[in-house]
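Right, one structure below, let's go through it.
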Amino acid sequence: MLLKEIKHVFHKELDQRYGSDEVDHFFYHFIEHYLGLPKFHLALQPEWIITKEEEGVFFRGLSALKQGQPLQYVLGITSFMDLPIKVNNNVLIPRPETEELVRAIIEDYKDFSTALRVLDIGTGSGCIALSLSKYLPMAIVKGIDLSPGALKTARENARLNELDVEFVESDIRTMNLPEESYDIIVSNPPYVLDMEKSAMEEHVKEAEPSMALFVPDDTPLVFYKYIVSEARKALVKGGAIYLEINQRFGNEVSNLLEDHKFESIELSKDLYGRDRFVKAINTKKQNIKQK
Ligand code: GLN
């Protein structure tokens, strides 16, 4: 079959749902990913023929897109901080906002020359942990998650990127971190309210793991409470916590950190101008026994 004929089928089947430009974008990704050809290949070789086998791959992908699977899940891979990251329905598709979180940490620590112990709580695909390990070579990074499917994917991503990051099964709600064992704790926990679900795109709601996204409307900070109190204990003096948050709760998360005696609390916005990140320092050495 001619590649351009398949492109025609893609448009016929998908334009109504996604719009023609988006379908072109899907198709170019397919050409690059499955044929290993540059995306403009079809323009150069309009009569390019693909094999029966390749045809099968394109049509299977088409039907997944038609069912509403996001492109990243269909291809099984995406990119985060220029690292290839495998993704599937067990993990969230990394978001551009989260790259900003990682960039802020790298910026703060790039000149450090001593070993840095880093923990990523609720690591999912491992994208945060792995990119920190890549760009902060002195960091010893560990990622935890409660989902075995996510951990499997995170470990595959460590192998794919040849990075030495340890991924361990642990639940935020029951984790018991050793005292003063980390210099940096980072987390992008579930923070989308159940009531915000209706405003989300269908493919996000249906394809992505809801346990990684949603929290009940009446306990929006449930994960932050566990994370902040463990971080207070597990960070060394001068250690830092970095959190991605729901834009509605910048003040609440800042207050929570203040209640736990964190200092230098900074709330910052994402590329869309929404309150998205909070960072704080564990300035005072804590005295757990005197409490
Ligand atoms: N930023 C993601 C979204 O809006 C949510 C990530 C999360 O819940 N931690 O879909």
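Annotations for the structure displayed:
- Gyration tensor verdict on segment 32-95 (Cα atoms; rounded if a/c is under 1.5, prolate if a/b is larger than b/c, oblate otherwise): oblate
- Members of 86/197; 7/205; 86/205 lying beyond 23 Å, as alpha-carbon distances in this model show: 86/197; 7/205
- Relative contact order (percent, whole number), segment 173-216, Cα cutoff 8 Å, 6+ residue spacing: 49
- Within the chain, helix-based [θ] at 222 nm, where runs of 4 or more DSSP H residues each add -39,500 (n - 2.57), nearest 500: -12500 deg cm²/dmol
- Shape category assigned to segment 184-225 from the gyration tensor of Cα positions, a/c cut at 1.5: oblate
- Cα-based shape type of segment 151-204, given that a ≥ b ≥ c are square roots of the gyration tensor eigenvalues and the cut on a/c is 1.5: oblate
- Pairs of Cα atoms nearer than 8 Å and 6+ residues apart set the relative contact order; for segment 31-146 it is 17 percent.
- Nitroxide proxy distance, nm - points 7 Å out along Cα→Cβ at residue 271 and residue 200: 2.0
- In nm, spacing of pseudo-spin labels at residue 4 and residue 54 (7 Å Cα→C-beta vector): 1.5
- Angle between the chain longest axis and helix 148-160 axis [Cα atoms, degrees, rounded to 10]: 80
- For the chain, the longest principal axis of the alpha carbon atoms and the long axis of helix 3-18 meet at an angle near 50°.
- Cross-link partners of residue 269 among lysines (Cα-Cα below 18 Å; sequence separation of 8 or more within a chain): 279
Here, each number is a calculation from the coordinates, and none is a lab measurement. For clarity, every value in this text was computed on a predicted model and none was experimentally measured. Cβ sites come from the backbone with ideal geometry, for glycine too, and all protein chains shown count toward neighbours.
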